[in-house]
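J.: Below: one structure in structure tokens.
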Amino acid sequence: MALLPRSPGEFGLARYWDRFFRQRGQRPFEWYGAFPELCPVLHKYIRSRDKVLVVGCGNSELSEQMYDVRMCEDIVNIDISDAVIRQMQERNGSKRPKMSYVLMDVLQMDFPDAHFQVVLDKGTLDAVLTDEEEATLAKVDKMFAEISRVLQVGGRYLCVSLAQAHVLKKAVEYFSQEGWVVRVHQVASSGDKQQFVLPVFVYVMTKFRKIPGSAPQILEICPEEQDKPMRVESTERLVAAVKDRQHYALLCSQLSKIPCGEQVSLDLCDRETGRPRYTLHVIDSPSVKPSRDNHFAIFIIPQGRETEWLFGTEEGRRQLATSAGFRRLVTVALHREQRYEGMASIQAELSGKVMELAPPGLPAQQQVPFLSVGGDIGVRTVRHRDTSALSGEYVVEDVKGDGACYFRRLIFLRNRNVVQSEARLLAPAPLPGEKKRRKEKKKSSPAEPPAAIDKSYLCCEHHKAMVAGLCLLGGPDPLPGTPLVVLVVGLGGGSLPLFVHDYFSQAHVAVVEIDPSMLDVATRWFGFSQGDRMQVHISDGLDYVAKLAAEAPAQYDAVMFDVDSKDLTVGMSCPPPAFVEKPFLQKVKTILKPEGVFVLNLVCRDARLKESVLATLREIFPLLYTRRIEGEVNEILFCQPSPNGRRDPTELGARAQVLEGALRQSGRPWDSSYVLADMLQAVKIL
């Protein structure tokens with residue numbers, strides 16, 4: 001502890017360094033890594049004929065090692081500590097005759113102008129720039145001015161640093177404004193994470209003659225594993241890029257020492273575009289008994305399946321890790337904006353990075369398996385991409401599900417792990433000889449007409465429950481031929497209103513959708529169409545219901561809300577909070593027939609908010625049923641304006657069986673996995 005300064009400001013004082021080196025003695029003190037780690041970067045910018053100035057040399061062996069490997073020999077080392085200069089002069093003496101050690105302050109150097117081709121700084125800037133006080137910044141400006149003065153045009157200032165944000169920002173702003181080219185290299189670590197958790201960087205500032213006017217800044221970063229620099233457009237972006245790498249290094253260091261109590265998530269980005277290419281989740285399972293081969297594994301999630309409960313939720317990933325039987329599992333999701341050649345290329349691309357996330361105690365040379373479902377990376381084809389003024393950027397994509405089925409999905413990219421709408425695609429039966437011709441065809445393009453939609457299949461479990469709720473309507477038997485007037489708020493891809501329209505032959509369905517783009521998406525990509533019994537109204541659902549309540553009360557048998565919230569800061573993503581406020585719910589009750597049913601898809605992660613919503617619903621509707629959707633946050637609420645229609649879950653199940661039997665005999669295709677009784681027998685009466 002005696003070797004550490006009492007305050008960071010002492011780093012700039014000569015007396016501190018005299019005391020430091022007297023106490024340390026002859027042992028070299030290597031700031032920020034030793035020569036083997038720095039050599040690959042220094043070798044790019046120091047030529048053997050260069051005259052090199054090392055500022056704040058201390059008793060580091062860096063200059064000696066550069067001399068001994070003949071990277072360069074004409075080296076002048078300066079430092080403000082008389083003790084260390086005498087120590088280094090004695091240590092080198094006649095061993096390295098072309099190298100000298102001089103007592104000198106970098107803030108006031110005696111060298112002539114343009115005397116050096118390289119100025120090398122290993123930690124000195126960090127020691128001087130300890131804070132952002134006015135006096136400190138003035139001292140740094142003086143240091144930079146002196147370095148600029150003694151460097152030739154075309155010369156390089158190489159600064160080895162931990163790249164604290166205020167240090168990097170100051171250096172980049174100063175030299176870029178002087179017209180210099182600034183490049184930041186990340187130094188490859190030695191792998192000794194116990195000693196250092198933060199990565200080391202080298203700022204390379206190349207001196208150019210200052211051009212009058214506003215010349216464009218040239219700012220670049222070279223990540224540890226790449227030689228080719230990446231151009232960035234501003235100082236802020238450069239500082240942010242460095243900070244990302246620091247956070248990643250700190251995370252890797254922590255993960256290498258202790259198991260993670262909570263799941264850790266991070267993105268690996270494409271170096272050309274900066275867009276996320278892989279999303280990784282690190283899951284530790286301490287309950288899994290350790291064995292020789294179960295320390296660590298990587299699980300590649302097939303494209304398009306990252307939204308499934310098993311892969312897209314924390315609980316699902318925990319179950320996946322436990323069932324896989326590994327103490328640490330890293331799941332890898334692939335992004336729709338990226339292209340992937342196959343499992344082998346993904347494995348080659350990721351193998352180096354994921355090993356940085358290895359758990360403590362992983363045996364040396366341990367083979368780490370890459371796992372997946374079915375051994376492939378899945379299929380994803382983006383059919384359409386656009387931006388809506390209300391919903392933001394969205395995509396329509398076809399993905400291969402579990403097995404041979406393909407599905408079409410609508411995804412809002414502001415919440416990319418949530419499927420807004422989904423429909424199963426019908427595989428056309430090939431004609432004789434067509435299979436061979438298909439193989440000869442080129443890959444289909446997103447501009448081709450969409451494949452046929454299977455309108456008999458409800459992909460979303462909450463839609464199945466909402467349809468089953470129609471069994472609550474009055475009458476002895478809930479038959480599909482009964483005339484119904486239904487209002488659906490929220491169109492999405494149109495699967496819910498389409499199913500009601502097609503399977504309840506006497507139903508008249510009105511759909512309210514605030515976003516006109518969604519009507520176009522549903523019509524073009526999900527097989528939706530309007531007709532005599534199906535009308536879409538482009539309007540705010542709040543305004544539409546309020547108008548109905550004032551002009552035409554008690555006209556709907558069923559009102560269904562399946563509308564998402566655009567505000568992601570609220571703990572309720574469906575519906576928007578205004579849709580469950582008491583005055584508006586009173587209007588919903590007004591437009592319902594006395595024996596009607598209000599069906600609400602509630603997605604609420606905030607327990608207090610959810611309880612508040614339920615309390616408000618109970619105030620308005622005397623009869624309230626709830627149906628949780630297994631493995632999802634969704635909860636379907638069935639609300640009735642009269643308590644007289646109360647039925648227990650057994651009776652509801654029986655009514656559902658009657659309705660399902662009639663629907664199966666309607667002549668339309670019926671998905672055998674859809675059992676209405678199962679949906680209603682699990683309801684609870686609140």
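The values are calculated or read from the model by the stated rules, or taken from the named source; none is laboratory data. This structure is a prediction, so every number in the text was calculated from the model and none was measured. Cβ sites come from the backbone with ideal geometry, for glycine too, and all protein chains shown count toward neighbours. When the accessible area is computed, the model is the full protein with side chains, heavy atoms only, and any ligands, DNA or RNA have been set aside. Shrake-Rupley method; radii C 1.70, N 1.55, O 1.52, S 1.80 Å.
J.: For residue 218, what accessible area in Å² do you get when you roll a 1.4 Å probe over the heavy atoms of the protein chains, rounding to the nearest 10?
T.: 60
J.: Something else: Using a 1.4 Å probe on the protein heavy atoms, what percent of the accessible area of the chain belongs to carbon and sulfur?
T.: Carbon with sulfur: 51 percent of the solvent-accessible area.
J.: Another question, then. Placing one identical point scatterer on every Cα of the stretch 35-249 and ignoring solvent, what is log10 I(q)/I(0) from the Debye formula at q = 0.07, 0.11 Å⁻¹?
T.: Relative scattering, expressed as log10 I(q)/I(0), comes to -0.20, -0.52.
J.: What angle do you read, to the nearest 10 degrees and between 0 and 90, between the alpha-carbon axis of helix 343-355 and the longest principal axis of the chain?
T.: 50
J.: Let me have the 222 nm mean residue ellipticity of the chain computed from DSSP H runs of 4+ only, each contributing -39500 (n - 2.57), with the sum over all residues rounded to the nearest 500.
T.: The helix contribution divided over the chain gives -9500 deg cm²/dmol.
J.: Let me ask another. Using Cα positions and a limit of under 12 Å, work out the aspartates and glutamates in reach of residue 210, with same-chain residues fewer than 8 apart set aside.
T.: The qualifying aspartates and glutamates are 178.
J.: Still on this structure, I have one more. Counting other C-beta atoms within 10 Å, and keeping those with at most 14, which DSSP coil GluC sites (Glu not before Pro) do you find in the stretch 120-168?
T.: 132, 133
J.: Can you give the charge dipole size of the chain about its Cα centre, rounded to the nearest 20 debye, using +1 on the beta carbon of Lys and Arg and -1 on the beta carbon of Asp and Glu? Before the final figure, lay out the partial values.
T.: Numbers: 86 positive and 86 negative charges, 274 e Å.
About 1320 debye.
J.: At 37 °C and 0.692 mPa s, what whole-number value in µm²/s does Stokes-Einstein give for the translational diffusion of the chain, with Rh from the Kirkwood sum over Cα pairs?
T.: 108
J.: Moving on. In the chain, if the dipole is taken from +1 on Lys/Arg beta carbons and -1 on Asp/Glu beta carbons about the Cα centre, which of 332, 366, 321 is farthest to the positive end?
T.: 366
J.: Run the numbers for residue 337 and residue 349: contour at 0.36 nm per residue of separation, minus the present Cα-Cα distance, in nm. Numbers along the way, then the final one.
T.: Values: separation 12, 0.36 × 12 = 4.32 nm, distance 1.68 nm.
So the chain would gain 2.6 nm between residue 337 and residue 349.
J.: Using a basic spin-label model with each label point 7 Å from the Cα along Cα→Cβ, how many nm lie between residue 133 and residue 153?
T.: Roughly 4.0 nm, to one decimal.
J.: Within the stretch 362-389, whose backbone N sits under 20 Å from a point 7 Å along Cα→Cβ of residue 294?
T.: 362-364, 366-373
J.: Another question, if that's okay. After finding the eigenvalues of the alpha carbon gyration tensor for the stretch 379-425, what semi-axes result from the square roots of 5 times each, listed largest first in whole Å? Show your work: numbers first, answer last.
T.: Details: eigenvalues 87, 19, 13 Å².
Taking √(5λ) for each Cα gyration eigenvalue gives 21, 10, 8 Å.
J.: Okay, next question. What area, in nm² and to one decimal, does the C-alpha convex hull of the stretch 539-669 cast on average over all directions?
T.: Seen from a random direction, the Cα hull of the stretch 539-669 projects 9.8 nm² on average.
J.: Now for a separate question. For residue 606 and residue 243, compute 0.36 nm times the residue count separating them, minus their Cα-Cα distance, and round to one decimal in nm.
T.: Values: separation 363, 0.36 × 363 = 130.68 nm, distance 3.22 nm.
That pair, residue 606 and residue 243, stretches by 127.5 nm at full extension.
J.: Which order, highest average first, do 328-336, 289-297 follow once you tally other Cβ atoms within 10 Å for each residue and take the mean per peptide?
T.: Those peptides, ordered most packed to least, come out 328-336, 289-297.
J.: Between residue 44 and residue 95, what FRET efficiency comes out of the Förster formula 1/(1 + (r/R0)^6) with R0 = 25 Å and r the beta carbon distance, rounded to 0.05?
T.: Working: r = 27 Å, r/R0 = 1.08.
Between residue 95 and residue 44 the formula returns 0.40.
J.: By its C-alpha gyration tensor, with a ≥ b ≥ c as the square roots of the eigenvalues, how is the stretch 508-588 shaped: rounded for a/c under 1.5, else prolate for a/b larger than b/c, else oblate?
T.: Here the stretch 508-588 falls in the oblate category.
J.: With each pseudo-label sitting 7 Å past Cα toward Cβ, what's the residue 426-residue 538 distance in nm, one decimal?
T.: For residue 426 paired with residue 538, the spin-label model returns 2.9 nm.
J.: OK, next. FRET efficiency for residue 315 and residue 234, Cβ-Cβ distance as r, R0 = 30 Å, nearest 0.05?
T.: FRET efficiency, residue 315 to residue 234: 0.15.
J.: Moving on to the next point. I'd like the distance between the alpha-carbon centres of the stretch 485-546 and the stretch 364-423, rounded to an integer number of Å.
T.: Here the two parts' Cα centres lie 25 Å apart.
J.: Using the crude model of +1 on Lys and Arg Cβ and -1 on Asp and Glu Cβ, and no other charge, please compute the dipole size for the stretch 532-686 relative to its Cα centre, in debye to 20.
T.: 320
J.: Here is a further query. Over the stretch 461-685, what portion of Cα pair distances is larger than 33 Å, expressed as a whole percent?
T.: Looking at the stretch 461-685, the distances longer than 33 Å represent 9 percent of pairs.
J.: For the stretch 258-371, just the Cα atoms, rotate onto the principal axes and tell me the three extents in Å, largest first.
T.: Answer, in whole Å and largest first: 40, 32, 22 Å.
J.: Using a 1.4 angstrom probe, figure out how much accessible area the chain has per residue, in square angstrom, rounded to the nearest whole.
T.: With the other protein chains kept in place, the chain gives 47 Å² per residue.
J.: With the crude spin-label approximation of a point 7 Å out along Cα→Cβ, what separation in nm comes out for residue 376 versus residue 581?
T.: Rounded to a tenth, the inter-label distance reads 5.1 nm.
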